[in-house]
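Undergrad: Before anything else, here's the structure in question.
The values are calculated or read from the model by the stated rules, or taken from the named source; none is laboratory data. Just so it is clear, the structure is predicted and the values come from calculations on it, not from any experiment. Cβ atoms come from the backbone with ideal geometry, glycine included; neighbour counts cover every protein chain shown.
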Amino acid sequence: MAMKVVALAGNPNVGKTTVFNALTGMRQHVGNWPGVTVEKKEGVFEYEGQRFLVVDLPGTYSLTAHSVDELVARNFLLNSGPDVVVNVVDATALMRNLFLTMEILEMGVTNVVLALNKMDLAEKRGIRIDVKKLETLLGIPVVPLNAKAGIGVNDLKKRIYEMANGRIKTTPIVPKYEPDIEREITHIEGALSGTGLVTKYSPRWLAVKLLQRDDEVMKLVLRHLGKEKLDEVMTHIGEIEAKYGRAMDLIIAGQKYEFVDSLMHRFIRYTSKESSNLTDQLDRILVHPVYGFFALMLVFYAMFRFVFAVGLPIQGWLAAEFSDFGGWLAPHIASGALRGLLVDGIIGGVGAVLSFFPLVFLLFFVLAVLEDVGYMARVAVLMEKIMRKFGLPGKSVISLILGFGCNVPAVMATRTLEDERDRLVTMFVNPFIPCSARLSVISFLAGAFFKGNQALVAVSIYALAIVVALFSAWLISHFVIRGEESPFVIELPEYLLPGWKTLLLHSWERSKEFVKKAGTIILIGSIFIWYLSNYPAAIGTGKSYAERLGHIFAPYMGLMGLDWRAAVSLLFGIIAKENVISTYSIIYGVGGGEEALRGAMAGLLSPLQAYVLGVVTTLYIPCIATIGAIRAESNWKWAAFSTAYMITVASAIGILIWHIGLFLGL
Amino acid sequence: MGKIERVLSLIREGERNPAEIAGKLGMSREEVEGIIKILESMGYVERIEKGSGACETCPLRSICPGSCVRKTATVYRVTKKSFSLKQDHI
């Protein structure tokens with residue numbers, strides 16, 4: 001006996017795959033739908049000695065011909081004639097789910113079973129569904145389910161079996177529209193009567209789809225009705241559309257939605273306030289225009305507290321290991337030059353940077369937690385409002401948030417902004433956002449000079465950078481003509497507990513790139529810096545290339561309380577920001593690693609100077625890769641202008657902080 | 001004018017936050033997000049792919065510590081189809 005075919009239809013993320021797995025167990029086959037790269041899953045189950053082939057249709061929100069997924073699902077329901085259609089719906093989001101149910105029933109499909117999944121969650125949220133009433137209203141069987149726990153699956157199998165064998169009679173409901181539209185539907189149905197189409201498809205569905213100007217249905221009707229008659233129908237539709245003054249597909253969708261809405265109160269009631277779930281309660285604070293910012297500052301402060309509290313001890317241990325290694329290796333190398341290169345240059349430079357791996361890992365870990373929990377979407381909503389006030393396009397918020405990881409992909413992400421002006425302004429301010437490379441420098445200086453207040457110092461530098469970015473956007477937006485911004489909306493996902501294993505794996509994936517960078521750019525940079533610092537004469541003689549280079553800028557650096565060493569470090573920091581630390585390490589000749597470097601620097605810099613260095617490093621210039629990205633996404637002039645602007649701003653702020661600090665006696 | 005059209009209308013007017021749209025229309029945030037999904041399926045709004053997409057095409061992909069930045073937020077923008085509607089009628 002041929003297997004009965006069961007189609008599973010429903011919205012995405014309603015647990016359709018869980019229902020599919022619960023029905024079929026391990027007997028599954030995965031392939032593609034013919035001609036498209038949409039996954040097709042089939043499986044088999046047996047009930048009462050009868051075998052059923054279950055076909056999992058792509059998840060869709062409606063059955064228009066707008067996407068391939070929708071077309072695949074629609075064509076299967078229309079043309080393959082499944083014996084049973086199981087419409088899986090999410091009991092916690094019935095409005096949008098029943099919208100699709102109405103689309104299915106409107107197609108004239110009568111053999112539908114509604115699988116009311118996630119009933120356990122609905123119960124928890126205080127949603128009470130009268131299943132019997134729903135069944136009567138829809139005119140089709142309804143099976144409550146908790147597919148994850150396997151509850152109700154056997155009942156679903158029973159209903160499928162009964163329907164496939166003609167033991168259930170259904171009287172499906174179809175959405176009703178306003179009288180004008182209903183009249184038009186009747187008119188079109190009349191025009192279609194007598195054609196071969198009505199024997200295969202529901203005339204009402206064809207009429208509704210014609211009203212919605214569905215391309216596929218128009219082609220179908222054209223073949224059966226001819227151009228002249230179709231034009232006549234479409235002219236009629238144009239007239240009713242003109243009367244409404246809006247597109248008919250939107251009017252029909254709207255009325256269909258209202259139809260579902262009118263059914264809802266007849267079978268559903270809420271035992272707790274409908275909107276008071278945890279997500280909404282948290283959002284009242286986290287996306288609030290005032291409290292939201294306090295919460296944001298608190299979250300960032302807590303993030304740095306955590307990163308420093310956990311990361312610094314590990315970093316200290318790692319730095320000591322590099323120091324011990326350098327100390328062990330030095331006596332084994334006879335050649336002074338080679339010893340200097342390996343111990344001071346490579347181990348000192350690369351080691352100083354590598355010891356920050358725990359901090360970088362932890363930062364990525366916390367950022368991944370914030371992303372997976374759903375908080376970063378709230379940050380986007382919160383920042384977007386502020387950014388618009390400062391002349392930045394709202395959509396640039398995502399690009400700017402990317403900048404906390406790395407400014408290069410953040411600059412490249414500006415491609416998704418349609419307006420040229422928006423792109424230019426966003427990539428102009430993007431390098432002010434402190435990337436993870438700058439975190440190494442900030443955390444090094446904060447740890448060395450501000451024990452006990454590292455998190456506060458780090459947050460203050462981040463906050464200053466964001467303020468500078470906003471101010472720059474406001475300034476530049478006065479000079480660049482702005483185009484129209486296309487409206488958009490940011491989705492706020494439910495807050496979810498993250499999967500810890502995925503988080504750890506992902507944080508490792510992101511931070512291991514940091515190690516790769518240390519082994520490539522930083523390594524080459526360290527060798528280069530070591531050479532410049534030791535040739536033609538050793539550093540300290542005033543004759544090394546590095547000193548000579550540094551002394552050119554020394555008077556300028558003096559304005560902000562810094563010396564030639566800072567000049568050299570910042571210069572090499574243009575290659576990669578981590579080089580600021582490795583350069584200091586090489587200049588001081590502390591092959592002993594980061595701890596020794598802290599000791600050496602603490603004797604020469606005051607906390608105020610260290611703070612100025614941290615701020616200037618964060619603001620002064622994007623790394624060479626970011627400049628390249630700006631050039632690639634705009635032009636040389638814009639890249640050069642951005643660079644010059646950043647140097648000017650960083651210098652001005654550095655000088656200001658230095659002199660205010662001196663004035664305050666810091 | 002029904003809920004679907006009112007949500008689209010508010011997005012076109014510049015409202016970015018589904019929670020605020022929900023507040024203005026007296027519905028839940030989930031319902032607004034459901035309507036946005038329906039509007040997407042009808043071609044009135046479209047999802048903007050950001051985040052990791054930028055990293056995948058980045059020349060620094062192999063050495064950049066900030067690569068693989070994951071989903072930050074899902075953004076839907078209004079499509080040209082929506083602009084073909086007369087705003088005053090929605």
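Undergrad: Do the conditions hold for residue A:347, that is, is it of a type outside the set (Lys, Arg), buried (at least 23 other Cβ atoms within 10 Å of the Cβ) and more than 30 Å from residue A:305 (Cβ to Cβ)?
TA: Values: of a type outside the set (Lys, Arg): yes; buried (at least 23 other Cβ atoms within 10 Å of the Cβ): yes; more than 30 Å from residue A:305 (Cβ to Cβ): yes.
Yes; evaluated as a whole, the condition is true for this residue.
Undergrad: Is it the case, given these coordinates, that residue A:242 is among the aliphatic types (A, V, I, L, M) and at the interface with chain B (Cβ under 10 Å from one of its Cβ atoms)?
TA: No; evaluated as a whole, the condition is false for this residue.
Undergrad: List pairs: first in the range A:128-154 and modelled with pLDDT of 95 or more, second loosely packed, with under 15 Cβ neighbours inside 10 Å and not in a helix (DSSP H, G or I), Cβ under 6 Å, 6+ apart or cross-chain?
TA: The qualifying pairs are A:139/A:171.
Undergrad: Let me ask something else about it. Identify, from the list A:519, A:550, A:540, A:573, the residue that is farther than 26 Å from residue A:625 by Cβ and either surrounded by fewer than 19 Cβ atoms within 10 Å (Cβ to Cβ) or out of contact with any His (no Cβ under 6 Å at 6 or more places or on another chain) (or both).
TA: None of the other options fit; the residue is A:540.
Undergrad: Also, I was wondering about something else. Let me spell it out: the conditions are (1) charged (D, E, K, R); (2) touching a strand residue (DSSP E or B) at 6+ places or on another chain (Cβ under 6 Å); (3) closer than 30 Å to residue A:381 by Cβ, and residue A:258 meets all of them except one. Which number is the exception?
TA: Status for residue A:258: all satisfied but (2).
Undergrad: Which of the residues belonging to the range A:389-421 are surrounded by fewer than 24 Cβ atoms within 10 Å (Cβ to Cβ), more than 7 Å from chain B (Cβ to nearest Cβ) and assigned to a helix (DSSP H, G or I)?
TA: Hits for the range A:389-421 are A:389, A:415, A:420, A:421.
Undergrad: Okay, next question. Please indicate, with yes or no, whether at least one residue in the range A:529-552 is in contact with a Lys or Arg (Cβ under 8 Å, 6 or more places away or on another chain), free of Cβ contacts under 8 Å to residues at least 60 places away in the same chain and assigned to a helix (DSSP H, G or I).
TA: Checking the range A:529-552: at least one residue is in contact with a Lys or Arg (Cβ under 8 Å, 6 or more places away or on another chain), free of Cβ contacts under 8 Å to residues at least 60 places away in the same chain and assigned to a helix (DSSP H, G or I).
Undergrad: So, of the residues in the range A:365-388 that are touching a Gly at 6+ places or on another chain (Cβ under 6 Å) and either over 19 Å from residue A:302 (Cβ atoms) or part of a loop (DSSP other than H, G, I, E, B) (or both), which turns out to be nearest to the other protein chains (Cβ to nearest Cβ)?
TA: The initial filter retains those residues of the range A:365-388 that are touching a Gly at 6+ places or on another chain (Cβ under 6 Å), namely A:382, A:384, A:388.
Among the residues that remain, those that are also either over 19 Å from residue A:302 (Cβ atoms) or part of a loop (DSSP other than H, G, I, E, B) (or both) are: A:384, A:388.
On the way: A:384: 6, A:388: 9 Å.
Only one residue tops the list, namely A:384.
Undergrad: Here is a list: A:30, A:55. Which entry is outside any helix (DSSP H, G or I), more than 14 Å from chain B (Cβ to nearest Cβ) and out of contact with any Pro (no Cβ under 8 Å at 6 or more places or on another chain)?
TA: On the way: A:55 fails: out of contact with any Pro (no Cβ under 8 Å at 6 or more places or on another chain).
On inspection, the qualifying residue turns out to be A:30.
Undergrad: Something else about it: Confirm whether residue A:243 is under 44 Å from the mean Cα position of the chain (by Cα) and surrounded by fewer than 16 Cβ atoms within 10 Å (Cβ to Cβ).
TA: So residue A:243 fits the description; yes.
Undergrad: Which of the residues belonging to the range A:154-170 are touching a helix residue (DSSP H, G or I) at 6+ places or on another chain (Cβ under 9 Å) and not in a helix (DSSP H, G or I)?
TA: Passing the criteria: A:167, A:168, A:170.
Undergrad: So residue A:100 fits all but one of (1) under 21 Å from residue A:18 (Cβ atoms); (2) touching a Ser or Thr at 6+ places or on another chain (Cβ under 7 Å); (3) free of Cβ contacts under 8 Å to residues at least 24 places away in the same chain; what number is the exception?
TA: (3)
Undergrad: Let me spell it out: the conditions are (1) crowded, with 21+ Cβ neighbours inside 10 Å; (2) within 27 Å of residue A:37 (Cβ to Cβ), and residue A:78 meets all of them except one. Which number is the exception?
TA: The failed condition is (1).
Undergrad: Within the range B:16-34, track down each residue that is more than 7 Å from chain A (Cβ to nearest Cβ) and either within 12 Å of the chain's Cα centre (by Cα) or outside any loop (DSSP other than H, G, I, E, B) (or both).
TA: B:20, B:21, B:22, B:23, B:24, B:25, B:32
Undergrad: Hey, residue A:160 hits all of (1) of a type in the set (Val, Ile, Thr); (2) farther than 30 Å from residue A:50 by Cα; (3) modelled with pLDDT of 85 or more but one; which does it fall short on?
TA: Here residue A:160 clears every test but (2).
Undergrad: Continuing with the same structure: Looking at (1) farther than 30 Å from residue A:408 by Cα; (2) within 41 Å of the chain's Cα centre (by Cα), which is the only condition residue A:512 fails?
TA: Result: residue A:512 fails condition (1) only.
Undergrad: Another question about this same structure. If residue A:348 passes every condition in (1) at pLDDT 80 or above; (2) more than 11 Å from chain B (Cβ to nearest Cβ); (3) farther than 25 Å from residue A:629 by Cβ but one, which one does it miss?
TA: For residue A:348, the failing item is (1).
Undergrad: Just a yes or no: is a residue in the range A:427-441 among the aliphatic types (A, V, I, L, M), over 22 Å from residue A:521 (Cα atoms), modelled with pLDDT of 85 or more and crowded, with 22+ Cβ neighbours inside 10 Å? Walk me through it before giving the result.
TA: Step one: of the range A:427-441, the residues among the aliphatic types (A, V, I, L, M) are A:427, A:429, A:433, A:437, A:439, A:441.
This time we only want the ones that are over 22 Å from residue A:521 (Cα atoms), so: A:427, A:429.
With modelled with pLDDT of 85 or more added as a condition, the list becomes A:427, A:429.
Now restrict to residues that are crowded, with 22+ Cβ neighbours inside 10 Å: A:427, A:429.
Looking for residues that are among the aliphatic types (A, V, I, L, M), over 22 Å from residue A:521 (Cα atoms), modelled with pLDDT of 85 or more and crowded, with 22+ Cβ neighbours inside 10 Å, one finds at least one in the range A:427-441, hence yes.
Undergrad: Can you go through A:643, A:618 and tell me which one is within 20 Å of residue A:443 (Cβ to Cβ), touching a helix residue (DSSP H, G or I) at 6+ places or on another chain (Cβ under 8 Å) and polar (S, T, N, Q)?
TA: Only one candidate passes the filter, namely A:618.
Undergrad: When only residues in the range A:254-307 that are within 29 Å of the chain's Cα centre (by Cα) and under 30 Å from residue A:138 (Cα atoms) count, which is surrounded by the most Cβ atoms within 10 Å (Cβ to Cβ)?
TA: Of all residues in the range A:254-307, those within 29 Å of the chain's Cα centre (by Cα) come to A:274-307.
After this cut, where a residue has to be under 30 Å from residue A:138 (Cα atoms) as well, the list is A:274-277.
Values: A:274: 17, A:275: 18, A:276: 14, A:277: 20.
So the residue we want is A:277.
Undergrad: Mind checking which residues of the range A:608-635 are within 24 Å of residue A:355 (Cβ to Cβ) and surrounded by fewer than 18 Cβ atoms within 10 Å (Cβ to Cβ)?
TA: A:624
Undergrad: Only one residue in A:501, A:517 is under 29 Å from residue A:359 (Cα atoms) and within 14 Å of chain B (Cβ to nearest Cβ), so which one is that?
TA: One residue alone meets the criteria, A:517.
Undergrad: Right, something else. What is the one condition in (1) in contact with a strand residue (DSSP E or B) (Cβ under 7 Å, 6 or more places away or on another chain); (2) within 13 Å of chain B (Cβ to nearest Cβ) that residue A:267 does not satisfy?
TA: Checking residue A:267 against (1) in contact with a strand residue (DSSP E or B) (Cβ under 7 Å, 6 or more places away or on another chain); (2) within 13 Å of chain B (Cβ to nearest Cβ), the one that fails is (2).
Undergrad: For residue A:195, only one of the following conditions fails: (1) part of a helix (DSSP H, G or I); (2) in contact with a His (Cβ under 7 Å, 6 or more places away or on another chain). What is its number?
TA: (1)
Undergrad: For the structure I just gave you, tell me whether residue A:49 is surrounded by fewer than 18 Cβ atoms within 10 Å (Cβ to Cβ) and closer than 28 Å to residue A:220 by Cβ.
TA: No.
Undergrad: Provide a single number: the residues in the range A:190-235 that are acidic (Asp, Glu) and modelled with pLDDT under 85.
TA: Within the range A:190-235, the first condition is being acidic (Asp, Glu), and the residues that meet it are A:214-216, A:228, A:231-232.
Keeping just the survivors that are modelled with pLDDT under 85 gives none.
Of the residues in the range A:190-235, 0 are acidic (Asp, Glu) and modelled with pLDDT under 85.
Undergrad: From the list B:68, B:55, exactly one residue is modelled with pLDDT under 70 and surrounded by fewer than 22 Cβ atoms within 10 Å (Cβ to Cβ). Which is it?
TA: It is B:68.
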